[in-house]
1. Which whole-Hz couplings ³J(HN,Hα) result when phi for each residue of segment B:131-138 is put into the Karplus expression 6.51 cos²θ - 1.76 cosθ + 1.60, θ = phi - 60°, listed in order with x for Gly and Pro?
2. Run through every distinct alpha carbon pair of segment B:219-302 and return the Kirkwood hydrodynamic radius in angstroms, one decimal place.
3. Pairs of lysine in segment B:219-302 with Cα under 20 Å and at least 8 positions apart or on different chains: total?
4. Going by amide H atoms built from the backbone, whose H comes under 5 Å of the H on B:I209, apart from near neighbours?
5. Average partner chain C-beta neighbours within 10 Å, per residue of B:97-104?
6. With labels modelled as points extended 7 Å from the Cα through the Cβ direction, what inter-label distance (nm, one decimal) is found for B:H250 paired with B:E179?
7. List the GluC sites (Glu not before Pro) within segment B:34-95 that DSSP assigns to loop and that have no more than 16 neighbouring Cβ atoms inside 10 Å.
8. Which of the trypsin sites (Lys or Arg not before Pro) across segment A:309-378 are loop residues per DSSP, with 10 or fewer other Cβ within 10 Å?
Amino acid sequence: MFWKFTRFEWKMVYINRKSWLLAIFLLLFFLLYFIYYSQEEQMSLQDQKRNEYQTSYAVFYHLDSGRHAIPEVAEVYERHTEIQSLLGMQVWNIGGGSDPEQYVEDGLEINQLRLEVHDLGNSGIPDHLIVPREDILKEDALLHYIRDNDLPIESDSFMTNHYITNGLAMMSGLLFLIILLISGNEILVYERKHHSVLKGVPITFIKKITSKVFVHSLFIFTFLILGIAIGYSYLSRNVEGGGFQFPVLMYQNDTYVAISTIQYLAYLFIGFGVVTILILLLSVLMNMMFRHAFANVLIGLGIFILPDIVRAAGFEARFLHPIKYIDINKVLSGELAAELNNPAIDFWNAMITLGIVSLVLIVIIYAWNKYTYLQVPKNNPLTKAF
Amino acid sequence: MLKLESITVRYKDKTVLENLSLTATAGEIIGLVAPNGTGKTTLFNVIANFLKPNKGNVTFREKLQYKTEKQEIAIHNQLATLPDQADLFEELSGVEHMKLYADMWNSDKKVEDIYKYLQMEGYVKKKVKTYSLGMRQRLCFAMLACADTPVMLMDEVMNGLDVANVALISRRLAEMKEEGKLLFIASHLLSNLDLYADRVLYLKDGDFIHEQNAQNKNEKYIKLDISPEEYEKLSLVYSLPEDHLYIADHLLCIPTVNMSKEEQLHWMLNVANDENKEVTIGPLGTLEFYEHYYHGDAKAKILGGE
């Protein structure tokens, strides 16, 4: 019965023009984004290092004046000299020198020296020139990953990563939420337009809901993956990059770990999956409550921006933080943990929380439906909505 | 097979059904007759549990009631309702609608056989948005035929159908009855109900006010179409039997049940001659009962009747 109803529900999605608009959007989004992004000049690794070299050089002007009088500054000066020299070597090794292994080794040494400079209190270095400890740890994680996996780093090795992660970052959060809310806005309500056809169909409410959530999730995911595939095929033809084996940083347990792009994508899709189920369940509940398609979108968006409104009003409501977990890219990158000043927010934490919220939604939907059978009519007879 | 006990549906300012009870058995066609807004659809909604009444129970096969979702599914597995034309999916074809019902009710009936029987081959594979009213109505009936449940509720099943299709569906209804199905049919095609209904129930003021049985067809009446003035005159001249009916200010019906052949002849010759009217003899049909109960019922006189 479940699969028969699912087949029908799939047909409902298939004949709905709204679904096809969403499908076209998902199919073209990454392609158009990558085309747009590729028009902008991307900075190669060599150029980045060259900039870093010049910025770092400015530190000497500040250290030079104090290094004779203050011993800590002298120590910092000594390490910074080494850093500067190694940065110069990195620019050469990633460019004309073509020695990627040495580039990585030099990078790791730079990180070590920078951490020592931090331990010395960054004496003599103005705040705007201090490399944050967080950035050092991120760079260290990336370089360790490249060395441990013996990856052949080149000047444009991170290009693919940049495209993919930036594209998915655009999709994650508000945009993905809107897509899901629009997809699910009539998930149950449409039956009211066809109530005499569907009301008496002998299937339990929970089976019906499961079928609907399954079909909508499958639809969204199919076109999301197809969209990424189309975008990637464009990238692979037009952009020189390191492919999916190059690392991306992931925030975990209050630190950053480097994982391959393919792993990052896997985590992201798990996250998208959990968010999809949660938002569709929320849509079911809102359909039951308000019986109105637009209410689903408006209230859904309202819930998403609620933590921002509360924060703007000067309140720190940590219990609202899980609402923001639906921006999986921000969770994975650690951006959300920094933004909400809550280091506990990492991928698995977010997944467990969103999973629990989904279970709570299922319990509410189940209980609501159960209640309709226990209700005793008083002044008016009771009409079954779904 | 199906039992309704003391069903009451009451809104703040209106009582739609009041203490209504009914027992129906398999292999029966029950016609339901009443003007619009009298509670036919409400009654069907209660039977299908689309509406929970203020009071009363619906019992299916002596044990199942709409107390839990499990029991509701068990009942719905054996009960289907006729869809409304307006609720069909415009972008789906007729076949897809029929398959939905055949699938959801695990029916053994072949969709193709049904649409061929109902002569829908010419359009059934096209999208519903291209259908005329009559085509849509046939599709609604075809869907129900695909579900093939032991109990079927049909509200205005003949709505929008031409004469040929009314005959076609009437034939199919009779076959369904032969298959042992319990069919409830609410219809305004009153004379059509006479063809296949075992019982016709007349709903008024929240309850059944009359039950017309197929067995009652042996009860014949001498029928004469006369105006109220002619009726007054006739009443003065002749001593009309106590159980005669004067329906809707135009139809005089004199029961023949307790009359001898001579008495019958006497009435037919005298009354017809005096009024110079055509006299017919036969049982009262659904149309006549309908007029009796709903049209001009304020003036209707039931002398010694019910």
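1. My calculation for segment B:131-138 gives 7, 7, 4, x, 5, 5, 5, 5 Hz in order.
2. Its Kirkwood hydrodynamic radius stands at 12.8 Å.
3. Step by step, the pairs that qualify in segment B:219-302 add up to 11.
4. Here the answer is B:Y202, B:L203, B:K204, since their amide H atoms fall under 5 Å of that of B:I209.
5. Mean partner shielding for this stretch: 4.
6. Result: 4.0 nm between the two label points.
7. Answer by residue number: B:E62, B:E90, B:E91.
8. Qualifying residues, ordered by number: A:K378.
Any read-out appearing in this document is the output of simple, stated calculations on the displayed coordinates, not a laboratory observation. These figures come from a predicted structure and were not determined experimentally. Neighbour counts are summed over all protein chains in view; Cβ atoms, including those assigned to glycine, are modelled from backbone coordinates with ideal geometry.
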